[in-house]
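The values are calculated or read from the model by the stated rules, or taken from the named source; none is laboratory data. Computed from a predicted model, the values in this text were never measured in an experiment. All Cβ positions, even for glycine, are placed from backbone atoms using ideal geometry, and neighbour counts span all protein chains on display. The protein model used for the area step is the full one, side chains on, heavy atoms only, and it has no ligands, DNA or RNA in it. Shrake-Rupley method; radii C 1.70, N 1.55, O 1.52, S 1.80 Å.
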Amino acid sequence: MAWNVFRFCTALRGLGSIMILLVLSIVGVTYYAVVVYNYGPALFAGGASTLLALVVLLLFHFLLVMLLWSYFSVVFTDPGSVPPNWNLDFDEERGETAPLSGLDFNSQVNSQQSIAHNDTGHPRARYCRKCNQMKPPRCHHCSVCGRCVLKMDHHCVWVVNCVGALNYKYFLLFLFYTFLETTLVTLSLLPHFIAFFSDIDIPGSPAALATTFLTFVLNLAFSLSVLGFMIMHVSLVSANTTTIEAYEKKTTPRWMYDIGRKRNFIQVFGNDKRYWFIPAYSEEDLRRMPVLQGLDYPVRTDLDGQEL
């Protein structure tokens, strides 16, 4: 009998605030090693050490603020729920589709003048049998959250939330600032790490030295892992796809939602460049870009033509 990973979804729900506390604990340990123990006291050393400490501390606190802002934006932002009584009938997407049955299906077909078709030319309605409701384009059911999520990318245990249409940008910024912060910490603690393996006498208590060592190793590991994850998501954004869709369309040579890299990027980050690097959207973008609401996505019209 095949192993069903979804039976452990209840356990994932139980992690809850534990993961948030874990993230804050890592931040706390890092803050102690960088600010309290190493570079805070160096501010009063004088000379070049003071200047270096000032630069490191300013960058560290700026990136930390942006990291935490992005992180809690992902945690507390609803990734996107299907509106009550939502009723777009058919979608060209093939993943997770199921036909309506009986009179419901016939009434849907007869009431619509324009029906999307799949590659076989037959209309299919996207319907979630678990939520017992129609699903908008690019929407998927999350077994951990127990509901359908608009443009679902994945369920992230680190943020205790789904990553979807309404918080995907915030998630990407969280990755971006996490990479910058962990890289800064790794580089700033590298001399102290090297000193562990030299004959130099290092001042400080064993606990403080162990904390510095642990902080370096943790941040190096996170920096490398987040870099790989970030590269993957840059590729997904450039193709206007999600982690789930990338898996589903392995056999699809062309992707209907790929409308060009620039426009794909704007669909996630908005038109207003002032908001590209903060976890928020301008009021104008929210008003003029329906795609940011997660329900309506433009499709390419030249699937058999040139790349856009």
For M230: the one exception among (1) over 16 Å from L172 (Cα atoms); (2) modelled with pLDDT of 95 or more: (1)
Can you name every residue in the range 218-250 that is in contact with a helix residue (DSSP H, G or I) (Cβ under 8 Å, 6 or more places away or on another chain) and under 16 Å from L189 (Cβ atoms)? L218, N219, L220, F222, S223
Closer than 30 Å to I26 by Cβ, in contact with an Asp or Glu (Cβ under 7 Å, 6 or more places away or on another chain) and part of a strand (DSSP E or B) - does that describe any residue in the range 123-139? no
Sort out which residues of the range 17-73 are on the phi > 0 side of the Ramachandran plot and open to solvent by 60 Å² or more (accessible area, probe 1.4 Å), and write them in order of number. G47
Residue ranges of helices (runs of 4 or more DSSP H) in the range 200-308 with at least 2 members free of Cβ contacts under 8 Å to residues at least 24 places away in the same chain and either loosely packed, with under 12 Cβ neighbours inside 10 Å or at positive phi (or both): 206-238, 283-288
For residues that are open to solvent by less than 70 Å² (accessible area, probe 1.4 Å) and among the small types (G, A, S), scanning just the range 1-16, find the one that is modelled with the highest pLDDT. G16
